[in-house]
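Peer 1: Please read through the structure below; I'll follow up with questions.
The values are calculated or read from the model by the stated rules, or taken from the named source; none is laboratory data. Nothing here was measured: the structure is a model prediction, and the numbers come from that model. Here the Cβ positions follow ideal geometry from the backbone for every residue, glycine too, while neighbour counts run over all protein chains shown.
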Amino acid sequence: MNATQSTRMLTTSGSRDKRMRVPRRRPRARVRLRRLPLWIAVAALLVIVGYPLVWLFLGSFKSQREFLEEPTWALPQQWSFENYATAWETAGLGSALFNSAVTVLPALFFMLLFGTAAAFALEVLVWKGRGAVLMIFLAGIMVPAQMILLPLFSAYFQTGLTGSLWPLFLTYTATGMPLTVFLMATYFRAIPREVFEAATLDGASIYRQFFSIAIPMMKNGLFTVGLVQFFFFWNDLLISLTFANSGNLRTLQVALLNFNGNFGTTQYGPLFAAVSINVFALLIIYLVLNQSIQKGLTAGAVKG
Amino acid sequence: MKNILGDRRAAFVLLAPALLVYSVIMLVPVVVSLGYTVFEGNAISGFEFVGVDNFVRLIGDAEAHQALLFTLKYALVVTVGQVVVGYLLSLLYVFGLKRASSVVRTLVFFPIVMPTVAVALLFQQLFSIAPTEGVVNSMLAGFGGVPVDWFGDGGSAFVVIAIMDIWRSMGFYGVLLYAGLVDIPEDVLESARIDGASGWKLVRHIVVPLSLPVLISSIIFSINGTLKVFDSVMALTSGGPGTSTSPLTISVFDHAFTYGEYGYGSTLAMLLTIICLIVTVFIFRGSQRDLTKDGPR
């Protein structure tokens, strides 16, 4: 940094915490007043995002009568979990949760294992044509799911897989592959080649290097990609609606979508409770992992 | 040493599972789907060759035109909404809240990880009119307005869909663009301030050009998502009333699984794929030209 630049930086009023010691000319009250629109904007933002969630939570405790007769912003008159029990039973949330878990989690596992192996082969190993194969994987990011659903539906029907959870598992594993291969390849690029060359000198075979060096070194990357894809799969409606739309196959999202159909008239309390279960379960995961989730989801966007 | 890292057999073994799953479940179906466009029928009743009939039908199909128009309208409005609101949020984070922004960022980001179906059910209730007024209609009544039957016609239902999807994703784009804004070197901003640029001028002439690359990738990402919108519309209105809020994706779904017309469904899916490709290439080319015009950085 040259002399003029540093004097410039010294003479400007502090805009970063570091330079707070530079004397301010403005009196404090005026600064506060100037910041007022900012705080109003932030408050409005918090209400816009937060109030629907608070309203949802409060609604999950209200009785049908309260929904129909009391104003919509009234507080619930009792705090019983009756609505949650009703919602859990009538919507079959238990079995839906099971269906979601047994398709999404194995799909995540195989997607990560195969995808990382492919990325390793494409990025660390040296062979002719690897660039072209990487491009083939990349092309998959662009393809809308509608383009593959109809042939897959026929294929699953002809092979007799329809009526089981296999179509869902297979489709998730495959549709997650392009982004996984691409992101893992990017992470491998950041590892110095010397690591693998040294391992080769020490006599480690390729497979040994993959399982004992590459996978442990990719821990963060695997976690990030797994998290991103977890949300895609868990919240997916299109694929589950296509392949798992009958009673006992329903995933959480399909069960939720069919919630109103289980009653003659809308039972508001249980409906709000069912939505609450879905939202607040994810909220807990989100609060625990929030930094990694923000980083992961945005990484998936910029590069994908 | 090259020998081991250049082991072709090992490369094949590691690559094969991923490539096999990907080819069988994504690449082959794309080709088959293209093939379907010259057939009509479905998995259960069998297929019949119809030549270019599906394309002829597409040209004269008013419903498909409406779906195409809805898709484009939705993509335009929601992409602009998502990116503009997200950009305003990121400006707020970087220049307004500075280091105190993390709590606000965390809260505003959350809706994007919520299940779309849950968000849609929530918005149905927020905007409901009967048998009980939701929050929005209560507020309208409170301010002396007339409650609106939001889901009664395509126009107002579209407004709810757009509001919902912008509400869901604004925090996501806020964080995405925030990452780009944080990278702008502080001394560039400082010297611009000394040269007398402040507020809107600073944003317009310094911040926007410097964050253009991340802005462009946000737009590409956003428009690719909005052109393929399915979950939120399906869960909120299922394309109704009638087919007035039905995008191409729901038309594909309806034709294939309600009417059993795989051929015509695939033709519509192909139209969607082509639009996605054209739009992405178009934005990408446009942005490249802009970047070279502004000089390398």
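Peer 1: Would you tally the residues in region A:129-167 being assigned to a helix (DSSP H, G or I) and either within 11 Å of another protein chain (Cβ to nearest Cβ) or under 18 Å from A:Leu179 (Cα atoms) (or both)?
Peer 2: 27
Peer 1: Report, ordered by the first and then the second residue, all pairs with beta carbons closer than 8 Å, sequence separation of six or more or different chains, a first member in region B:94-107 that is within 15 Å of A:Ile293 (Cβ to Cβ), and a second member that is among the small types (Gly, Ala, Ser).
Peer 2: Going by the 8 Å Cβ cut-off, the qualifying pairs are B:Arg105/B:Gly171; B:Arg105/B:Gly174; B:Leu107/A:Gly50; B:Leu107/B:Gly171.
Peer 1: Same structure again: Does B:Ile206 meet the test of being out of contact with any Pro (no Cβ under 8 Å at 6 or more places or on another chain), within 30 Å of A:Ala44 (Cβ to Cβ), surrounded by fewer than 20 Cβ atoms within 10 Å (Cβ to Cβ) and of a type in the set (Val, Ile, Thr)?
Peer 2: yes
Peer 1: Take the residues in region B:55-97 that are within 13 Å of chain A (Cβ to nearest Cβ) and in contact with a Phe, Trp or Tyr (Cβ under 8 Å, 6 or more places away or on another chain), then tell me which one is surrounded by the fewest Cβ atoms within 10 Å (Cβ to Cβ).
Peer 2: The qualifying residue surrounded by the fewest Cβ atoms within 10 Å (Cβ to Cβ) is B:Val85.
Peer 1: Of everything in region B:135-157, what is of a type in the set (Phe, Trp, Tyr) and either part of a helix (DSSP H, G or I) or surrounded by 11 or more Cβ atoms within 10 Å (Cβ to Cβ) (or both)? Give them in sequence order.
Peer 2: Within region B:135-157, B:Trp150, B:Phe151 qualify.
Peer 1: Which count do you get for residues in region B:256-275 that are within 15 Å of A:Phe153 (Cα to Cα), surrounded by fewer than 24 Cβ atoms within 10 Å (Cβ to Cβ) and either without any contact (Cβ under 8 Å) to a residue 12 or more places away in the chain or in contact with a helix residue (DSSP H, G or I) (Cβ under 7 Å, 6 or more places away or on another chain) (or both)?
Peer 2: The total comes to 4.
Peer 1: Could you check how many residues of region B:114-126 are more than 7 Å from every other protein chain (Cβ to nearest Cβ) and touching a Gly at 6+ places or on another chain (Cβ under 6 Å)?
Peer 2: Adding up the residues that qualify gives 1.
Peer 1: Is there a residue in region B:106-113 that is at pLDDT 90 or above, facing chain A (nearest Cβ under 9 Å), within 24 Å of the chain's Cα centre (by Cα) and not in a helix (DSSP H, G or I)?
Peer 2: Checked region B:106-113: no residue is at pLDDT 90 or above, facing chain A (nearest Cβ under 9 Å), within 24 Å of the chain's Cα centre (by Cα) and not in a helix (DSSP H, G or I).
Peer 1: Report the residue count in region B:49-71 for those that are assigned to a helix (DSSP H, G or I), without any contact (Cβ under 8 Å) to a residue 60 or more places away in the chain and more than 11 Å from B:Tyr264 (Cα to Cα).
Peer 2: 5
Peer 1: Here is a further query. Consider region B:193-248. How many of its residues are farther than 27 Å from A:Phe232 by Cβ, in a helix (DSSP H, G or I) and within 11 Å of another protein chain (Cβ to nearest Cβ)?
Peer 2: 2
Peer 1: If I go through region B:80-105 residue by residue, how many of them are among the polar types (S, T, N, Q) and modelled with pLDDT under 90?
Peer 2: 2
Peer 1: To continue, here is another question. Would you call B:Phe151 within 21 Å of A:Leu68 (Cα to Cα), out of contact with any His (no Cβ under 7 Å at 6 or more places or on another chain), away from chain A (no Cβ under 12 Å) and at pLDDT 85 or above?
Peer 2: yes
Peer 1: Assigned by TED's automatic domain parsing to the domain that holds B:Ser238, in contact with a helix residue (DSSP H, G or I) (Cβ under 9 Å, 6 or more places away or on another chain) and crowded, with 19+ Cβ neighbours inside 10 Å, is that true of B:Leu177?
Peer 2: yes
Peer 1: Determine whether B:Ser33 is at pLDDT below 95 and closer than 20 Å to B:Ile274 by Cα.
Peer 2: In short, yes.
Peer 1: In region A:203-232, which residue that is within 11 Å of chain B (Cβ to nearest Cβ) and either within 16 Å of the chain's Cα centre (by Cα) or not in a helix (DSSP H, G or I) (or both) is farthest from A:Ala299 (Cα to Cα)?
Peer 2: A:Gly203
Peer 1: Same structure, new question: Where residues in region B:115-134 are among the small types (Gly, Ala, Ser) and in a loop (DSSP other than H, G, I, E, B), which of them is nearest to A:Tyr51 (Cα to Cα)?
Peer 2: Checking each candidate, the answer is B:Gly134.
Peer 1: Just need a number here: residues in region B:165-193 that are basic (Lys, Arg) and free of Cβ contacts under 8 Å to residues at least 40 places away in the same chain.
Peer 2: Of the residues in region B:165-193, 1 are basic (Lys, Arg) and free of Cβ contacts under 8 Å to residues at least 40 places away in the same chain.
Peer 1: For region B:1-43, which positions are more than 7 Å from chain A (Cβ to nearest Cβ) and touching a Gly at 6+ places or on another chain (Cβ under 7 Å)?
Peer 2: Hits for region B:1-43 are B:Thr37, B:Val38, B:Phe39, B:Glu40, B:Gly41, B:Asn42.
Peer 1: Considering only region A:266-285, state which residues are over 16 Å from B:Val119 (Cα atoms) and free of Cβ contacts under 8 Å to residues at least 12 places away in the same chain.
Peer 2: Across region A:266-285, the qualifying residues are A:Thr266, A:Ile284, A:Ile285.
Peer 1: Moving to a separate point now. Assuming A:Leu237 fulfils every condition listed in (1) closer than 21 Å to B:Lys228 by Cα; (2) more than 10 Å from chain B (Cβ to nearest Cβ); (3) hydrophobic (A, V, I, L, M, F, W, C) apart from one, which condition is it?
Peer 2: Unmet condition: (2).
Peer 1: Considering only residues of region B:185-221 that are aliphatic (A, V, I, L, M), more than 27 Å from the chain's Cα centre (by Cα) and at pLDDT 85 or above, which is farthest from A:Thr298 (Cα to Cα)?
Peer 2: Checking each candidate, the answer is B:Ile194.
Peer 1: Give just the number: which of (1) assigned to a helix (DSSP H, G or I); (2) touching a residue at least 60 places away in the same chain (Cβ under 8 Å) does B:Ile44 not satisfy?
Peer 2: Every condition holds for B:Ile44 apart from (1).
Peer 1: Still on this model: From the list A:Phe57, A:Phe98, A:Phe120, A:Phe110, exactly one residue is facing chain B (nearest Cβ under 9 Å), closer than 28 Å to A:Ser240 by Cβ and at pLDDT 90 or above. Which is it?
Peer 2: Just a single option satisfies the conditions, and that option is A:Phe110.
Peer 1: Could I ask something else about it? When you scan region A:69-101, how many residues do you find that are among the hydrophobic types (A, V, I, L, M, F, W, C), touching a helix residue (DSSP H, G or I) at 6+ places or on another chain (Cβ under 8 Å) and in a helix (DSSP H, G or I)?
Peer 2: Number satisfying all stated conditions: 5.
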